[in-house]
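Student: After the structure tokens below, expect a handful of questions from me.
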Amino acid sequence: MPASRNPKLKTGCRHALPSMLRPAMLIHADFLLENAIARELYHRWAAPWPIVDYHCHLPPEDIAGDRCFANATRIWLEGDHYKWRAMRSNGVAERLCTGDAPDREKFDAWAATVPKCLRNPLYHWTHLELNRPFGINDRLLSPATAPAIWEAMNAQLARPEFSARGIMRQMRVAVVCTTDDPVDDLAHHQRIARERFAVQVRPTWRPDKGMAIDDPAGFNAWIAKLEAVSGTSCASIDGYLAATKLRHDFFHANGCRLSDHGLDTVYADSYGAREIAAIYAKVRAGTAPTPEESARFKSFMLHEWALMDHAKGWVMQLHIGAQRNNNRRLFRTLGPDKGFDSIGDANYAAPLARFLDRLDDTNQLTKTILYNLNPRDNEVIGTMIGNFQDGSVPGKVQFGSGWWFLDQLDGMRKQIDALSNLGLLSRFVGMVTDSRSFMSYPRHEYFRRVLCNLIGRDVENGELPDDDSLLGPLVRNICYHNAVQYLNLPGGIVASARNGPGKRSGRRNPSSTAA
């Protein structure tokens, strides 16, 4: 009987570690890997490959300027709404989250919150982030350990290897696609490209403000910026479309190959050209549209931008289902993206089908990734993608990875299970950080460990064959190669990766063939 089949030899279980090491070493080489098969898949087929992070919110200016972080708070807590939500739930005052409290006090407030985060994904993420890139895995963050961890992190942040670019190199990042407003001049991206930084840093077209007509004042202020950067009058809807087309062309010329849309729901209402022109004129005059007018205008713009994506061969991403800025008092005080968003409950199966079908009907549906925020919609997305695969590209329409509130153990497992049951897991383009933090790259490691453990568990249960020639390429492709082939970036992807799998971890499978 192979060791992986013998319950007495499951060396990946928690009791395999000496008891004296368990409390401090939450993160170790075999973290989350429950059996020998999972361990081999991870260490040999997943871990060696670089990171392709094709959707994130990293500030391009930090990469262009190779930002050096003054201390642990600046790199770890600045802009992290996940941590702020947990701190507020722990009774921490806002001044210690987003306010003007000293950095050390904010760090100590986070350290006091971490022990209260047991079974929250933040507990895992925190210690993964301490482990990589900081190499701190011999202690758990708490008020007692905070002083030593603060000093250890700060000492390393003073080294060149821990600048923004240094961390990306350490974490072996191959590609990063940021999230950029169409009115951005992309000067930071241009600087990064000129300096030939080893990591590809590409912009992503995120035109959400371009259909946010429910706030006429905000929309018109954005239009003024669009007119300035495009040199085009947006007095009419035709002028507005022409201006956005010019910016779409500009983004393409600067390396953009993906769009992204943050949607509360999917818009696919019927509309007429005259009606859209009238709605646009009404909003430009400062009058708010009716809900019906708003939905029709958004349906029109979403379709027009999708046509632009198809014409250039871009990948279109739809992030569906966030209910944003729920706390009006704190939104007025702090602004957006401060941790007051949640999962929405819109029913969008029918409009999503109409949106995709209308594009497909004219053979103008580009490669598309659909992300849902409400886990109840996993099977909706899992079945929807199968309707619009046309044989031109493997996995042309993708079920995106667990996103935002779902990029944790349960969310990842459910997304993988739904995709496996209803589509082809083997064609999945894998994980993204969706993060504003340079400390979030271990989320790719987290995903890879979850994936390998699920497959290892299936093999041990007799549900998948114990064959490296099948399992190894499956893992490798999901972690790296599928995304590389799907994105099809100009010049390809050059990264410091092995040309094949890593060394064997000790499990032998006589029936397997060389990969």
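The values are calculated or read from the model by the stated rules, or taken from the named source; none is laboratory data. Bear in mind that the values here come from a model prediction, so they are computed numbers and not experimental data. Using ideal geometry, Cβ is built from the backbone for each residue, glycine included, and neighbour counts are taken over all protein chains shown. Side chains included, ligands, DNA and RNA excluded: accessible areas come from the protein's heavy atoms. Shrake-Rupley method; radii C 1.70, N 1.55, O 1.52, S 1.80 Å.
Student: Once you keep just the Cα pairs under 8 angstrom separated by 6 or more residues, what percentage relative contact order results for segment 221-323? Walk me through the numbers on the way to the answer.
Tutor: Values: 97 pairs, mean separation 35.9, N = 103.
Across segment 221-323, relative contact order equals 35 percent.
Student: Counting only DSSP beta bridges with both residues in the chain, tell me the antiparallel percent, nearest 5.
Tutor: Working: 2 of 25 bridges.
Taking every DSSP beta bridge with both residues in the chain, the antiparallel ones total about 10 percent.
Student: Further, regarding this structure: Show that you can apply the helix-only estimate: for the chain, add -39,500 (n - 2.57) for every DSSP H stretch of four or more residues, divide by all residues, and state [θ] at 222 nm to the nearest 500. Let's see the in-between values first.
Tutor: Working: 20 runs with 214 residues, N = 515.
Value at 222 nm, helices only, nearest 500: -12500 deg cm²/dmol.
Student: Hey, another quick one. What ³J(HN,Hα) values, in whole Hz, does the Karplus curve 6.51 cos²θ - 1.76 cosθ + 1.60 give for segment 418-435 when θ = phi - 60°, with x put for Gly and Pro?
Tutor: Working through the residues one at a time gives 5, 5, 4, 6, 10, x, 10, 4, 4, 9, 5, 8, x, 8, 10, 7, 6, 10 Hz.
Student: Nearest 10 degrees, 0 to 90: what angle lies between the long axis of helix 103-113 and the longest principal axis of the chain (Cα atoms)?
Tutor: It works out to around 60 degrees.
Student: Using a 1.4 angstrom probe on the protein heavy atoms only, line up Asp417, Asp180 by accessible area, largest first.
Tutor: Details: Asp417 75, Asp180 5 Å².
Ranked list, largest accessible area first: Asp417, Asp180.
Student: Tabulate in residue order the Karplus-calculated ³J(HN,Hα) for segment 304-313, using 6.51 cos²θ - 1.76 cosθ + 1.60 with θ = phi - 60°, rounded to whole Hz; enter x for Gly and Pro.
Tutor: 4, 5, 5, 5, 4, 4, 4, 4, 9, x
Student: A follow-up question, please. Accessible area, 1.4 Å probe, largest first: how do Arg88, Arg443 sort? Before the final figure, lay out each step's value.
Tutor: Values: Arg88 50, Arg443 10 Å².
Per-residue accessible area, sorted high to low, gives Arg88, Arg443.
Student: Something else about it: Got a number for the accessible area of Glu460? Probe 1.4 Å, square angstrom, nearest 10.
Tutor: Rounded to the nearest 10, that gives 50 Å².
Student: Just want to confirm a number: the relative contact order over segment 379-469, from Cα pairs under 8 angstrom separated by 6+ residues, in percent. Write out the running numbers ahead of the final one.
Tutor: On the way: 70 pairs, mean separation 22.3, N = 91.
Averaging sequence separation for qualifying contacts and normalising by length gives 24 percent for segment 379-469.
Student: Three principal axis extents, largest first, for the C-alpha atoms of segment 247-377, in Å?
Tutor: Sorted from largest, the Cα extents of segment 247-377 read 45, 35, 34 Å.
Student: What net charge do the residues around Asp309 carry, taking every other residue with its C-beta under 12 Å from that of Asp309, with Lys and Arg at +1 and Asp and Glu at -1? Don't skip to the end; give the middle numbers.
Tutor: Values: positive: Lys245, Arg257, Lys312, Lys367; negative: Asp260, Glu304.
So the environment of Asp309 carries a net charge of +2.
Student: Tell me, what is the percent relative contact order of the chain, built from C-alpha pairs under 8 Å that lie six or more residues apart? Don't skip to the answer; put the middle values down first.
Tutor: On the way: 806 pairs, mean separation 109.3, N = 515.
About 21 percent, as a whole number.
Student: Please list, or write none, the aspartates and glutamates whose alpha carbon is within less than 15 Å of the alpha carbon of Lys116, excluding same-chain residues fewer than 8 places away.
Tutor: Partners within reach: Asp108.
Student: Enter the accessible area of Arg247 (Å², nearest 10), with the probe set to 1.4 Å and all protein chains included.
Tutor: 20 Å²
Student: Along Cα→Cβ, 7 Å out, is where each label goes; now give me the distance between the ones at Asp264 and Asp410 in nm to one decimal.
Tutor: 2.6 nm
Student: Now for a separate question. Output ³J(HN,Hα) for segment 455-462: one whole-Hz value per residue in order, computed from phi by the Karplus curve 6.51 cos²θ - 1.76 cosθ + 1.60 with θ = phi - 60°, and x for Gly and Pro.
Tutor: These are the phi-based 3J(HN,Hα) values: 5, x, 5, 4, 5, 5, 7, x Hz.
Student: Once Lys and Arg get +1 and Asp and Glu get -1 on their Cβ, which of Gln170, Gln200, Gly492 lies farthest toward the positive end of the dipole of the chain?
Tutor: Farthest towards the positive pole: Gln170.
Student: To continue, here is another question. How large, in percent, is the carbon and sulfur part of the accessible surface of segment 400-449 at a probe radius of 1.4 Å?
Tutor: Working: 640 of 1380 Å².
It is 46 percent, rounded to a whole number.
Student: Computed over the Cα atoms of segment 319-461, what is the convex hull's projected area averaged over all directions, in nm²? Each step should come with its number before you reach the end.
Tutor: Working: hull surface 41.2 nm².
That works out to 10.3 nm².
Student: Express the carbon and sulfur contribution to the solvent-accessible surface of segment 214-271 as a percent, rounded to the nearest whole number, probe 1.4 angstrom. Intermediate values should be presented prior to the final figure.
Tutor: Working: 1250 of 2280 Å².
Carbon with sulfur: 55 percent of the solvent-accessible area.
Student: For Lys116, tell me the accessible area in Å² from a 1.4 Å probe, rounded to the nearest 10.
Tutor: Using a 1.4 Å probe on the heavy atoms, I get roughly 150 Å².
Student: Using only the alpha-carbon atoms of segment 27-155 as identical scatterers, what base-10 log of I(q)/I(0) does the Debye formula give at q = 0.09, 0.21 Å⁻¹?
Tutor: -0.31, -1.34
Student: Which log10 I(q)/I(0) values does segment 303-393 give at q = 0.19 Å⁻¹ under the Debye formula, counting every alpha carbon as one identical point scatterer?
Tutor: -0.91
Student: Lys and Arg at +1, Asp and Glu at -1: add these up for the other residues within a Cβ distance under 12 Å of Lys106 and post the number. Present the calculation step by step, with values, prior to reporting the outcome.
Tutor: Values: positive: Arg74, Lys83, Arg95, Arg104; negative: Glu78, Asp80, Glu94, Asp100, Asp103, Glu105, Asp108.
Net charge around Lys106: -3.
Student: In Å³ and rounded to a whole number, note down the convex hull volume per residue for the Cα atoms of segment 272-330.
Tutor: Numbers: hull volume 8.1 nm³, N = 59.
Roughly 138 Å³ of hull volume per residue.
Student: Debye calculation, C-alpha points only, no solvent: report log10 I(q)/I(0) for segment 188-267 at q = 0.13, 0.21, 0.24, 0.25 Å⁻¹, in the same order as the q values.
Tutor: Cα-only, vacuum Debye calculation for segment 188-267: -0.49, -1.04, -1.19, -1.23.
Student: Restricting the calculation to Cα positions, tell me the Rg (one decimal) and the Dmax (whole number) of the chain in Å.
Tutor: Cα-based Rg and Dmax for the chain come out at 23.7, 77 Å.
Student: Could you work out the local net charge near Ala281, counting Lys and Arg as +1, Asp and Glu as -1, over the other residues with Cβ closer than 15 Å to its Cβ? Could the numbers behind the result be given before it?
Tutor: Working: positive: Arg274, Lys282, Arg284, Arg296; negative: Asp238, Glu275, Glu293.
Charge balance near Ala281 sits at +1.
Student: Turning to a different aspect of this structure: Among Lys83/Lys414; Lys225/Lys338; Lys106/Lys338; Lys225/Lys367; Lys83/Lys338, which pairs are too far apart, with a Cα-Cα distance over 18 Å? Before the final figure, lay out the partial values.
Tutor: On the way: Lys83/Lys414 24 Å; Lys225/Lys338 25 Å; Lys106/Lys338 16 Å; Lys225/Lys367 30 Å; Lys83/Lys338 10 Å.
Too far apart for the 18 Å limit: Lys83/Lys414; Lys225/Lys338; Lys225/Lys367.
Student: Separate question: Could you sort Arg284, Arg332, Arg191 by their accessible area in this structure, using a 1.4 Å probe and putting the largest first?
Tutor: Working: Arg284 70, Arg332 175, Arg191 95 Å².
Largest accessible area first, the list is Arg332, Arg191, Arg284.
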